[in-house]
Structures are given as structure tokens and as C-alpha cells.
Amino acid sequence: MSIIRDESLAPQGLEKIAWVREFMPVLARIKARFEAEKPFAGMRIAVSVHLEAKTAYLGLVFRAGGADVAVTGSNVLTTKDDVCAALASLGASVYAWHNATEAEYWGHLKNTLEFCPHIVIDDGGDLAALLHGECAAYAKNLIGGCEETTTGIRRLRARAKNGSLRFPMMAVNDANCKHLFDNRHGTGQSTWDAIMYATNLMITGKVVVVAGYGFCGSGIANRAKGLGARVVVTEVNPYRALEAAMDGFEVLKMDDAAALGDIFVTATGCKDVITARHYAKMKNNALLANSGHFDVEFSKPDLREMSDEITNRKPFIDGYRLKDGRVINVLADGRLVNIAAGNGHPADIMDLSFAIQAMGALYLAKNGKSLAPGLYDIPEEVDREVAMMKIEAMGLGLDELTAEQAGYLESTGE
């Protein structure tokens, strides 16, 4: 059974899935392996990731491996109704629709867990939170899960630290094949794709303020630089601030950057990075976009409080007219701009990320019952196997160490 908005949209969703499949060769190779081996036969897998075409293909890969699959979205504005319809038409249980209310969103997550999954694929930690709370009874078959993103890993790490994590979780985001490419290159490209599509404005010549210089923030900043922007970075971490400075960016406090920026992009994973005192300094028609998981990085309550009028100026852009007449433009309601106002990460980047998800789930299917509750890294051999498959798919050349070279690198020098 599925709970979706419009099943008649399936044909266009199927076209989207067919398109991304052509550019995800590693996941296609894993799918062929799963079809032959059926490693998930008799298992149920619950998936909560931004529900668009690439996620749908991941769900189909799990089905190819013999799993019953239930899928929902991890963000109310990033769910694509046509993809939901397509995935449901292919036999998955889908519980999601675009722009769900808060109550509907949590209801869809609970629907996804009702079949008591053996493995969960999470993005941001909401499935894990429910399985530790009101949906704990649905964890009776649970072997473990995989977490996709930085925010979710942070929440799981906090649980592991205080001893409340009840099952093993694989830190997919921390795998080299995920954060080195998805977070930096995927977020960098898709964020600016969405901002340029939504605004129809140039980036070159503008002052772009990027809050946070982790893998996502550095990708956003470097893409903005490549587009001709003057880029200012704000940070709380001294090492990342130094890295940004040595990469050629201005590094300022947000209090000082607020008056300079034409476009602000947050990517910190924290709340209230931009608040009332910053809005008070911003230029007329400043643009605010968020590429962090939750819509709390710049304070929408503060902005509402400061505004006399809020109008939808064009698709994906709301204008907040302040009491002094200035307008501050918020893209995609402060939610993940790259998916809410765009197509999300490129398919060929998500090929790596979702290959790690698929192989992480395979690792749990084989080994999860022997693991104690806790947060686990993706094994190096799994990470490397995915990298080597991508190397082959891209037709790249890779040197190999000779036995003598390997011995030299491992020698003590004595």
C-alpha cells in the first residue's frame, strides 16, 4: 500500500528514474549483483532520504536484492510527487508527498516504519529518533541502519556518547566515497544550480557570504568563486577559518559580513547562524539560501517579527519587507535549496553516495546481528571497493604499488 498524492504522475516520474539510471553505473553494477545474490531476501528496508529520482533508483536496487521496501521523504519540500507515483507503480510502498504539513510528514515517517524493518536508510536522523521514541515497538526486527548526512551523524554520535543508541548504525556520511564528493562537489554544484534557476540572476560580481567551511561549505564557496563572485566565509572553527583564508577567501564574523553580502548561503548544521542583528544590517534585496539539513540556520521567526509584509515574489522566493522598507528574499522557505528549488545533487555524484548506502546495507545484512549498538564507520574495504568501481566506470587509470614499493612504505627504515 502507498499513500501518495497523484498516481497519474507516474509516467513522468518513470522518465526521471530512467534518466538518472543511465548516469549511475556503480549503482547499476551493484543492482546486477543484488539481483543474482538476493542478499535481502525476506528482509524489509525502510528508506527516508530526499525523495527524488536518484533515491527512487536506490529503492529499486534494494528491491532487486529481494527486499520489501518502504520509502518516504526526509524533507517536506524536496519530495517529488511524480517520482513517488513512479516508485509506487514499480512495487515499493511509498508514503510521501510534496509540501506535507508537519503532522503529515511525521505520519509518513511512522507509516514507513509500521512494517517493522530489518534495516533503515536514514537522512538526518528522523527515522532513528522515532525508533528510539514513540515507534520503538517497530524496532523489534531491526538489525541496524545507515545514516546519509552530517546532521544525522551528529545526532547519532550524541546518542552513542550518552549510551542511548539502541542499535548499530553505519556512518555513511563519513565514508570517503561520500563526503569527499557528495558533500563538496555535489552540494557545491547543486546549490548554485538551484539559486541561479530560482533567481535568474548573475553570480559573477556579487558578494557571496558562505556560513560554514566544512566539506559542503567549501564546495559552495569554491563554486561561487568559479562563477566570479567575491566570497566571504564565516566560521566558528579556527582550523576551517584558516583553511578558508589559505584557499583565498575573506574570513569575517557574520556581524561584519552581514552588511556586505548580496547572497548568503548557510551550510553549518547549526541554528541561528543569521539572526535579527544581522538582518538589520543587510542590503535591500539580499538573498538568503540554506544548504544545511534543517531550516533553522537563519532565523525565520526573527525575520517574520521584523517584517511588515511577506509576499511570494516568484516560485521558490518569498520577500520579507522590513519596517524600514528593505526587502530580504528567502529561497525555498529556508529548506535545502539545492533540492527544494532544484534537482538535487548530480546523478553521477549520487552514484557514489548511494553505492555506499547499498553496500553499507549489505554489510549490515551479513554482519549486523553480531554488532553491538553503536555508530560504525563504513569498512575501508567497502569504501575502497566502491571507489574502484567508480574508477573503472569513469575509465580512469590507476597505478599499483609493486611488492618492493609496498614493502618500502611499510618498513621501519632500519
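Qualifying trypsin sites (Lys or Arg not before Pro) in region 1-78, where qualification requires a DSSP coil assignment and no more than 16 other C-beta atoms within 10 Å, comprise 5. 3J(HN,Hα) couplings calculated from phi for region 86-102 with the Karplus curve 6.51 cos²θ - 1.76 cosθ + 1.60 (θ = phi - 60°) are, in sequence order, 5, 5, 5, 5, 9, x, 7, 8, 10, 10, 5, 7, 5, 6, 5, 5, 4 Hz; Gly and Pro show x. Using θ = phi - 60° in the Karplus curve 6.51 cos²θ - 1.76 cosθ + 1.60, the 3J(HN,Hα) couplings for region 381-394 round to 5, 6, 4, 5, 4, 5, 4, 5, 5, 5, 4, 5, 5, 8 Hz; x is entered for Gly and Pro.
Centroid-to-centroid, using Cα positions, region 35-110 and region 256-319 are 32 Å apart. In a DSSP loop and with at most 11 other Cβ atoms within 10 Å, the trypsin sites (Lys or Arg not before Pro) in region 318-400 are 323.
Residues considered: 251, 210, 337. Largest GNM mean-square fluctuation over the chain, using C-alpha springs under 10 Å, is found at 251. Expressed in units of 2.2 N^0.38 Å, where N is the residue count, the Cα radius of gyration of region 1-149 is 0.97. Taking a cut-off of 22 Å between Cα atoms, list the lysines near residue 140, but don't count ones fewer than 8 places away on the same chain. Counting by Cα, and skipping residues close in sequence, residue 140 has these lysines nearby: 110, 366, 369. Across 283, 253, 206, the residue with the most accessible area heads the list, and the full order at a 1.4 Å probe is 253, 283, 206. Residues whose amide H comes within less than 5 Å of that of residue 317, counting only those at least five positions distant or on another chain, are 332 (H built at 1.01 Å from N in the peptide plane). The amide H of residue 288, built 1.01 Å from its N in the peptide plane, has 264, 329, 330, 331 as neighbours under 5 Å, considering only residues 5 or more places off or on other chains.
For residue 121, nonlocal amide neighbours, meaning residues 5 or more places apart or on other chains whose placed amide H falls under 5 Å from its own, are 46, 47, 48, 146.
The length gained on full extension between residue 271 and residue 313, counted as 0.36 nm times the residue separation minus their Cα-Cα distance, comes to 12.6 nm. The 1.4 Å probe gives accessible areas that order 310, 4, largest first, as 310, 4. Annotation for region 51-156: GluC sites (Glu not before Pro) lying in DSSP loop with at most 16 further Cβ atoms inside 10 Å of their Cβ are 114, 134. Going by the alpha-carbon gyration tensor, a ≥ b ≥ c the square roots of its eigenvalues, is region 196-302 rounded (a/c under 1.5) or, if a/c is not under 1.5, prolate (a/b greater than b/c) versus oblate? It is rounded, given that a/c, with a ≥ b ≥ c, falls under 1.5.
Using a probe of 1.4 Å, the accessible surface attributed to residue 394 totals some 120 Å² when neighbouring protein chains are kept in position.
Per-residue Karplus couplings for region 330-335, computed as 6.51 cos²θ - 1.76 cosθ + 1.60 with θ equal to phi - 60°, are listed in order as 10, 8, 6, 6, x, 8 Hz, Gly and Pro entered as x. Dividing the convex hull volume of the alpha-carbon atoms in the chain by its residue count gives 170 Å³ per residue.
In the context of the full protein assembly, residue 254 retains an accessible surface of approximately 20 Å², using a probe radius of 1.4 Å and ignoring ligands and nucleic acids.
Assuming R0 = 30 Å, what is the FRET efficiency of residue 324 and residue 104, from their Cβ-Cβ distance, to the nearest 0.05? Once rounded, the FRET efficiency stands at 0.20. Computed with a 1.4 Å probe over protein heavy atoms only, the accessible area of residue 93 comes to about 30 Å².
The values are calculated or read from the model by the stated rules, or taken from the named source; none is laboratory data. Please read all numbers here as calculations on a predicted model, not as lab measurements. Neighbour counts are summed over all protein chains in view; Cβ atoms, including those assigned to glycine, are modelled from backbone coordinates with ideal geometry. Side chains are part of the model used for accessible areas, which takes the heavy atoms of the whole protein and leaves out ligands, DNA and RNA. Shrake-Rupley method; radii C 1.70, N 1.55, O 1.52, S 1.80 Å.
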